Amino acid sequence: MSDQVGIEDFAEVQAALWAARSKWYNIGIRLKLDVRELDNIDAETRFGLDDKFNLMIKTRFNKIEPCTWRDLYDALNHPTVAMSDVANRLSAKLTGRFSMYLQSVS
């Protein structure tokens, strides 16, 4: 999976990410977010799963180095997340960085 160009079918990508939203906390851990940051996101009871997932991604993207689709792919394949089916759906469709996804949820 490349980390360089654009996205082929964004609607399918969003559908795959929607399937992963229930594991947002574990994905955040695999993307090397601090547990305190994840707990703060989780404490916001006004946020639903979609909002928590998107905020987790935005928080990770604003870290030292941008998060790539490969980072997400690896996180989804980790045993604590166990969403290799979603990772495989994404790997067939994605290239590039999260910036394109972030623009869609901003």
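The values are calculated or read from the model by the stated rules, or taken from the named source; none is laboratory data. Only a predicted model underlies this, so the values are computations on that prediction, with no experimental measurement involved. A quick note on method: Cβ atoms are made from the backbone with ideal geometry, for glycine too, and the neighbour counts reach across all protein chains shown.
Can you confirm whether Thr45 is at pLDDT below 80 and either touching a Lys or Arg at 6+ places or on another chain (Cβ under 9 Å) or over 13 Å from Gly28 (Cβ atoms) (or both)?
Yes; evaluated as a whole, the condition is true for this residue.
Checking the conditions here, which among Arg36, Arg60 is among the charged types (D, E, K, R), modelled with pLDDT of 90 or more and out of contact with any Pro (no Cβ under 8 Å at 6 or more places or on another chain)?
After applying the criteria, what remains is Arg36.
Going through segment 30-49 one residue at a time, which ones are touching a residue at least 12 places away in the same chain (Cβ under 8 Å), assigned to a helix (DSSP H, G or I) and more than 11 Å from the chain's Cα centre (by Cα)?
Glu37, Leu38, Ile41, Asp42, Leu49
What tally of residues in segment 63-100 results from selecting those that are modelled with pLDDT of 80 or more, loosely packed, with under 15 Cβ neighbours inside 10 Å and aliphatic (A, V, I, L, M)?
1
Could you list, in sequence order, all residues of segment 50-91 that are closer than 11 Å to Arg30 by Cα, in a loop (DSSP other than H, G, I, E, B) and touching a residue at least 24 places away in the same chain (Cβ under 8 Å)?
His78, Thr80, Val81 - these are the residues of segment 50-91 that are closer than 11 Å to Arg30 by Cα, in a loop (DSSP other than H, G, I, E, B) and touching a residue at least 24 places away in the same chain (Cβ under 8 Å).
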